[in-house]
Amino acid sequence: MIYPTAQSWQQAPQKKALFFGMSGLGKTHVANSLRETGDWFHYSIDYRIGTRYMGEYIADNAKREAMKVPFLRELLMSDSIYIGSNITFGNLAAVSSYLGKPGSEAKGGMSMARYGARQEQFRRAEIAALLDTPYFIDRAEALYGYPHFICDTGGSICEWVDPSNPNDELMKTLSENTLMIWLKGSEAHTEELIRRFDRAPKPMAYQPSFLARVWGEYLSENQCTENEVDPDSFIRFTYARALAHRQPRYEAMAKWGVTIDATDIATVRDARDFDAVVMAALEARAKAS
(Lines give C-alpha, C1' and ligand atoms only; values in the text may rest on other atoms or scores of the structure.)
Protein backbone atom coordinates (compact mmCIF):
# COMPACT_ATOMS: atom_id res chain seq x y z
CA MET A 1 0.00 0.00 0.00
CA ILE A 2 1.19 3.53 -0.67
CA TYR A 3 0.48 4.39 3.01
CA PRO A 4 1.54 1.31 5.00
CA THR A 5 1.22 2.95 8.42
CA ALA A 6 -0.90 5.54 10.18
CA GLN A 7 2.17 7.74 10.49
CA SER A 8 2.87 7.60 6.76
CA TRP A 9 -0.69 8.78 6.09
CA GLN A 10 -0.49 11.54 8.69
CA GLN A 11 2.81 12.87 7.33
CA ALA A 12 1.99 12.52 3.62
CA PRO A 13 2.12 15.87 1.81
CA GLN A 14 -0.31 14.45 -0.76
CA LYS A 15 -3.06 12.15 0.47
CA LYS A 16 -4.78 10.03 -2.17
CA ALA A 17 -7.70 7.77 -1.28
CA LEU A 18 -10.45 5.82 -3.00
CA PHE A 19 -13.81 4.79 -1.55
CA PHE A 20 -15.57 1.60 -2.59
CA GLY A 21 -18.55 -0.30 -1.24
CA MET A 22 -22.32 -0.45 -1.46
CA SER A 23 -24.12 2.66 -2.65
CA GLY A 24 -25.80 4.54 0.16
CA LEU A 25 -23.12 4.18 2.87
CA GLY A 26 -21.71 7.69 2.65
CA LYS A 27 -19.02 7.59 -0.05
CA THR A 28 -20.26 10.67 -1.89
CA HIS A 29 -21.28 12.50 1.29
CA VAL A 30 -17.78 12.27 2.77
CA ALA A 31 -16.13 13.04 -0.58
CA ASN A 32 -18.26 16.18 -0.82
CA SER A 33 -17.29 17.15 2.72
CA LEU A 34 -13.60 16.81 1.87
CA ARG A 35 -14.01 18.80 -1.33
CA GLU A 36 -15.66 21.62 0.59
CA THR A 37 -12.50 22.06 2.69
CA GLY A 38 -10.79 23.43 -0.43
CA ASP A 39 -7.83 21.03 -0.17
CA TRP A 40 -9.31 17.88 -1.71
CA PHE A 41 -10.08 17.15 -5.36
CA HIS A 42 -13.21 15.02 -5.66
CA TYR A 43 -13.10 12.61 -8.60
CA SER A 44 -16.56 11.10 -9.11
CA ILE A 45 -16.46 7.96 -11.24
CA ASP A 46 -20.20 8.13 -11.97
CA TYR A 47 -19.89 11.77 -13.07
CA ARG A 48 -16.98 10.88 -15.36
CA ILE A 49 -18.99 8.01 -16.83
CA GLY A 50 -21.98 10.21 -17.54
CA THR A 51 -20.12 13.16 -18.98
CA ARG A 52 -17.16 11.60 -20.79
CA TYR A 53 -17.92 8.00 -21.67
CA MET A 54 -21.70 7.77 -21.95
CA GLY A 55 -22.66 11.37 -22.69
CA GLU A 56 -23.40 10.72 -26.36
CA TYR A 57 -25.41 7.59 -25.61
CA ILE A 58 -27.53 9.51 -23.11
CA ALA A 59 -28.05 12.54 -25.35
CA ASP A 60 -28.82 10.43 -28.42
CA ASN A 61 -31.39 8.43 -26.48
CA ALA A 62 -33.15 11.65 -25.46
CA LYS A 63 -33.04 12.86 -29.05
CA ARG A 64 -34.46 9.54 -30.25
CA GLU A 65 -37.47 10.01 -27.99
CA ALA A 66 -37.86 13.64 -29.02
CA MET A 67 -37.83 12.65 -32.71
CA LYS A 68 -41.06 10.76 -32.11
CA VAL A 69 -42.80 14.08 -31.48
CA PRO A 70 -43.42 15.91 -34.80
CA PHE A 71 -43.05 19.37 -33.26
CA LEU A 72 -39.70 18.53 -31.63
CA ARG A 73 -38.52 16.56 -34.66
CA GLU A 74 -38.89 19.61 -36.89
CA LEU A 75 -36.94 21.78 -34.47
CA LEU A 76 -34.17 19.20 -34.07
CA MET A 77 -33.85 18.67 -37.83
CA SER A 78 -33.45 22.41 -38.35
CA ASP A 79 -30.95 22.71 -35.46
CA SER A 80 -33.34 25.08 -33.72
CA ILE A 81 -33.09 23.34 -30.35
CA TYR A 82 -30.38 21.46 -28.52
CA ILE A 83 -30.87 18.40 -26.31
CA GLY A 84 -28.25 17.41 -23.76
CA SER A 85 -28.02 15.96 -20.27
CA ASN A 86 -27.44 18.09 -17.18
CA ILE A 87 -25.38 15.69 -15.11
CA THR A 88 -23.95 16.93 -11.81
CA PHE A 89 -22.25 15.27 -8.82
CA GLY A 90 -25.60 15.38 -7.05
CA ASN A 91 -27.83 14.46 -9.97
CA LEU A 92 -26.85 11.38 -11.97
CA ALA A 93 -30.42 10.49 -12.91
CA ALA A 94 -29.64 10.71 -16.64
CA VAL A 95 -27.20 7.79 -16.34
CA SER A 96 -29.67 5.63 -14.40
CA SER A 97 -32.48 6.51 -16.78
CA TYR A 98 -30.39 5.46 -19.76
CA LEU A 99 -29.43 2.13 -18.19
CA GLY A 100 -33.12 1.45 -17.70
CA LYS A 101 -34.77 -1.79 -16.61
CA PRO A 102 -35.62 -4.98 -18.52
CA GLY A 103 -39.19 -6.11 -19.00
CA SER A 104 -42.50 -5.03 -20.43
CA GLU A 105 -42.21 -1.90 -22.57
CA ALA A 106 -45.78 -1.01 -21.60
CA LYS A 107 -44.55 -0.72 -18.01
CA GLY A 108 -41.45 1.29 -18.88
CA GLY A 109 -39.06 -1.56 -19.53
CA MET A 110 -36.95 -2.63 -22.50
CA SER A 111 -35.91 -5.88 -24.12
CA MET A 112 -33.19 -7.87 -22.38
CA ALA A 113 -31.09 -7.56 -25.54
CA ARG A 114 -31.16 -3.77 -25.37
CA TYR A 115 -30.70 -3.80 -21.61
CA GLY A 116 -27.70 -6.11 -21.92
CA ALA A 117 -26.15 -3.88 -24.57
CA ARG A 118 -26.46 -0.84 -22.29
CA GLN A 119 -25.01 -2.80 -19.40
CA GLU A 120 -21.99 -3.57 -21.57
CA GLN A 121 -21.64 0.10 -22.50
CA PHE A 122 -21.65 0.96 -18.81
CA ARG A 123 -19.10 -1.75 -17.97
CA ARG A 124 -16.66 -0.39 -20.54
CA ALA A 125 -17.33 3.18 -19.38
CA GLU A 126 -16.78 2.41 -15.70
CA ILE A 127 -13.54 0.56 -16.35
CA ALA A 128 -12.26 3.45 -18.49
CA ALA A 129 -13.27 6.01 -15.84
CA LEU A 130 -11.51 4.02 -13.10
CA LEU A 131 -8.33 3.75 -15.20
CA ASP A 132 -8.43 7.54 -15.59
CA THR A 133 -7.75 7.91 -11.86
CA PRO A 134 -3.95 8.46 -12.15
CA TYR A 135 -4.54 11.09 -14.83
CA PHE A 136 -6.94 12.99 -12.58
CA ILE A 137 -4.55 12.74 -9.63
CA ASP A 138 -1.88 14.48 -11.72
CA ARG A 139 -4.40 16.91 -13.20
CA ALA A 140 -5.80 17.89 -9.80
CA GLU A 141 -2.38 18.95 -8.57
CA ALA A 142 -0.84 20.33 -11.77
CA LEU A 143 -3.85 22.26 -13.01
CA TYR A 144 -5.76 23.19 -9.86
CA GLY A 145 -3.16 22.91 -7.12
CA TYR A 146 -5.12 20.49 -4.93
CA PRO A 147 -2.77 18.71 -2.50
CA HIS A 148 -5.17 15.85 -1.76
CA PHE A 149 -7.35 13.55 -3.85
CA ILE A 150 -10.45 11.42 -3.16
CA CYS A 151 -11.92 9.02 -5.71
CA ASP A 152 -15.62 8.26 -5.21
CA THR A 153 -16.49 5.01 -6.99
CA GLY A 154 -19.82 3.42 -7.81
CA GLY A 155 -21.17 0.29 -6.16
CA SER A 156 -20.50 -1.82 -9.25
CA ILE A 157 -16.70 -1.50 -9.18
CA CYS A 158 -16.48 -4.99 -7.65
CA GLU A 159 -18.16 -6.52 -10.70
CA TRP A 160 -15.21 -5.80 -13.02
CA VAL A 161 -12.20 -6.77 -10.91
CA ASP A 162 -10.52 -10.00 -9.82
CA PRO A 163 -9.00 -9.23 -6.40
CA SER A 164 -7.40 -12.69 -6.24
CA ASN A 165 -5.27 -11.85 -9.29
CA PRO A 166 -2.19 -9.82 -8.26
CA ASN A 167 -1.93 -8.58 -11.83
CA ASP A 168 -5.53 -7.41 -12.20
CA GLU A 169 -5.18 -4.15 -14.15
CA LEU A 170 -7.80 -2.19 -12.24
CA MET A 171 -6.71 -3.33 -8.79
CA LYS A 172 -3.04 -2.69 -9.54
CA THR A 173 -3.68 0.75 -11.02
CA LEU A 174 -5.93 1.89 -8.20
CA SER A 175 -3.88 0.46 -5.30
CA GLU A 176 -0.61 1.85 -6.69
CA ASN A 177 -2.09 5.34 -6.83
CA THR A 178 -4.54 5.52 -3.91
CA LEU A 179 -5.30 4.07 -0.52
CA MET A 180 -8.28 1.84 -1.25
CA ILE A 181 -10.92 2.13 1.48
CA TRP A 182 -13.84 -0.26 1.83
CA LEU A 183 -16.79 1.34 3.55
CA LYS A 184 -18.26 -1.74 5.17
CA GLY A 185 -21.93 -1.85 6.06
CA SER A 186 -23.57 -4.01 8.72
CA GLU A 187 -26.59 -6.27 8.31
CA ALA A 188 -28.69 -3.38 9.60
CA HIS A 189 -27.29 -1.14 6.87
CA THR A 190 -28.06 -3.77 4.26
CA GLU A 191 -31.65 -4.13 5.46
CA GLU A 192 -32.12 -0.36 5.37
CA LEU A 193 -30.66 -0.14 1.86
CA ILE A 194 -33.06 -2.85 0.70
CA ARG A 195 -36.02 -1.01 2.26
CA ARG A 196 -34.89 2.25 0.66
CA PHE A 197 -34.43 0.59 -2.71
CA ASP A 198 -37.81 -1.10 -2.47
CA ARG A 199 -39.47 2.31 -2.09
CA ALA A 200 -37.70 3.72 -5.15
CA PRO A 201 -35.98 1.03 -7.27
CA LYS A 202 -33.18 2.38 -9.46
CA PRO A 203 -31.24 0.83 -12.35
CA MET A 204 -27.90 -0.79 -11.53
CA ALA A 205 -25.01 -2.42 -13.38
CA TYR A 206 -24.36 -6.12 -12.95
CA GLN A 207 -21.77 -8.72 -13.87
CA PRO A 208 -23.12 -10.42 -17.04
CA SER A 209 -23.08 -13.94 -15.56
CA PHE A 210 -24.89 -12.76 -12.43
CA LEU A 211 -27.50 -10.90 -14.50
CA ALA A 212 -28.14 -13.95 -16.70
CA ARG A 213 -28.60 -16.16 -13.63
CA VAL A 214 -31.06 -13.92 -11.78
CA TRP A 215 -32.99 -13.18 -14.99
CA GLY A 216 -33.48 -16.91 -15.52
CA GLU A 217 -34.49 -17.38 -11.88
CA TYR A 218 -37.03 -14.56 -12.08
CA LEU A 219 -38.65 -15.90 -15.27
CA SER A 220 -38.79 -19.40 -13.79
CA GLU A 221 -40.17 -18.41 -10.38
CA ASN A 222 -42.80 -16.10 -11.85
CA GLN A 223 -43.69 -18.33 -14.81
CA CYS A 224 -43.58 -15.40 -17.20
CA THR A 225 -42.06 -14.36 -20.51
CA GLU A 226 -39.78 -11.39 -21.11
CA ASN A 227 -42.66 -9.23 -22.30
CA GLU A 228 -44.61 -9.99 -19.11
CA VAL A 229 -41.88 -8.96 -16.68
CA ASP A 230 -42.67 -5.99 -14.47
CA PRO A 231 -39.42 -3.96 -14.62
CA ASP A 232 -39.58 -2.66 -11.05
CA SER A 233 -40.47 -6.09 -9.74
CA PHE A 234 -37.41 -7.60 -11.41
CA ILE A 235 -35.09 -4.85 -10.18
CA ARG A 236 -36.37 -5.34 -6.61
CA PHE A 237 -35.96 -9.12 -6.98
CA THR A 238 -32.37 -8.59 -8.09
CA TYR A 239 -31.22 -5.96 -5.61
CA ALA A 240 -30.94 -8.04 -2.43
CA ARG A 241 -29.27 -10.81 -4.42
CA ALA A 242 -26.84 -8.28 -5.85
CA LEU A 243 -25.85 -7.08 -2.38
CA ALA A 244 -25.17 -10.65 -1.26
CA HIS A 245 -23.23 -11.30 -4.47
CA ARG A 246 -21.09 -8.18 -3.97
CA GLN A 247 -20.26 -8.51 -0.28
CA PRO A 248 -17.52 -11.17 -0.63
CA ARG A 249 -16.12 -9.34 -3.64
CA TYR A 250 -15.78 -6.12 -1.63
CA GLU A 251 -14.19 -8.09 1.18
CA ALA A 252 -11.60 -9.55 -1.20
CA MET A 253 -10.87 -6.06 -2.57
CA ALA A 254 -10.32 -4.79 0.97
CA LYS A 255 -7.16 -6.92 1.24
CA TRP A 256 -5.59 -4.40 -1.13
CA GLY A 257 -6.36 -1.55 1.28
CA VAL A 258 -8.18 -0.90 4.54
CA THR A 259 -11.68 -1.26 5.93
CA ILE A 260 -13.72 1.44 7.67
CA ASP A 261 -17.13 0.64 9.15
CA ALA A 262 -19.99 2.72 7.79
CA THR A 263 -20.85 3.74 11.36
CA ASP A 264 -17.36 5.23 11.74
CA ILE A 265 -17.37 7.02 8.41
CA ALA A 266 -20.72 8.56 9.39
CA THR A 267 -18.89 10.49 12.14
CA VAL A 268 -16.67 12.29 9.61
CA ARG A 269 -17.46 15.99 9.36
CA ASP A 270 -14.18 17.39 8.09
CA ALA A 271 -10.65 16.46 6.96
CA ARG A 272 -9.42 16.06 10.55
CA ASP A 273 -12.15 13.51 11.29
CA PHE A 274 -11.30 11.71 8.06
CA ASP A 275 -7.61 11.52 8.94
CA ALA A 276 -8.54 10.05 12.32
CA VAL A 277 -10.66 7.19 10.93
CA VAL A 278 -8.11 6.41 8.20
CA MET A 279 -5.25 6.23 10.70
CA ALA A 280 -7.35 4.00 12.96
CA ALA A 281 -8.02 1.68 10.00
CA LEU A 282 -4.31 1.55 9.15
CA GLU A 283 -3.44 0.75 12.76
CA ALA A 284 -6.06 -2.00 12.85
CA ARG A 285 -4.64 -3.52 9.67
CA ALA A 286 -1.10 -3.42 11.08
CA LYS A 287 -2.20 -5.21 14.26
CA ALA A 288 -4.06 -7.88 12.28
CA SER A 289 -1.13 -8.66 9.99
Got a sec? Which residues in the range 116-133 would a label at Glu56 touch, if it sits 7 Å along Cα→Cβ and we count backbone N under 18 Å? 117-129
Please compute the length gained on full extension between Ser97 and Glu176, using 0.36 nm multiplied by the number of residues separating them and subtracting their Cα-Cα distance. 25.1 nm
Using a Förster distance of 25 Å, how high is the FRET efficiency between Ala212 and Asp261, based on the Cβ-Cβ distance and rounded to 0.05? 0.15
At 1.4 Å probe size, put Leu130, Leu143 in order of accessible surface, largest to smallest. Leu143, Leu130
Taking 0.36 nm per residue of sequence separation and subtracting the Cα-Cα distance, how much length would be gained by fully extending the chain between Ser289 and Arg241, in nm to one decimal? 14.1 nm
Percent of Cα-Cα distances greater than 16 Å, calculated over the range 220-264: 58 percent
Mind giving me the nanometre distance, one decimal, between the label points for Arg269 and Gln14, set 7 Å out from Cα along Cα→Cβ? 3.2 nm
Apply 1/(1 + (r/R0)^6) to the Cβ-Cβ distance of Arg199 and Ala113, taking R0 = 35 Å, and write down the FRET efficiency to the nearest 0.05. 0.75
Exposed-site-free run, longest, the chain (rule: chymotrypsin sites (Phe, Trp or Tyr not before Pro); DSSP loop; at most 14 other C-beta within 10 Å): 90-289
In the chain, what percent of the accessible surface is made up of carbon and sulfur (1.4 Å probe, ligands and nucleic acids excluded)? 48 percent
Residue list for the range 87-129, given a label point 7 angstrom along the Cα-to-Cβ vector of Glu226 and an amide N cut-off under 13 Å: 102-105, 110-118
Low-density loop positions, trypsin sites (Lys or Arg not before Pro), the range 1-105 - DSSP coil, at most 13 other Cβ in 10 Å: Lys68
Translational D (Stokes-Einstein, µm²/s) of the range 64-204 at 37 °C and 0.692 mPa s when Rh comes from the Kirkwood sum over C-alpha pairs? 175 µm²/s
Evaluated at 20 °C with a viscosity of 1.002 mPa s, what Stokes-Einstein diffusion coefficient in µm²/s does the chain have when Rh comes from the Kirkwood expression over alpha-carbon pairs? 105 µm²/s
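The values are calculated or read from the model by the stated rules, or taken from the named source; none is laboratory data. Since the model is a prediction, treat every value here as computed from it, not as a measurement. Please note: Cβ atoms are built from the backbone with ideal geometry, for glycine as well, and neighbour counts cover all protein chains shown. Remember, those area values only see protein heavy atoms, side chains included, never the ligands or the DNA or RNA. Shrake-Rupley method; radii C 1.70, N 1.55, O 1.52, S 1.80 Å.
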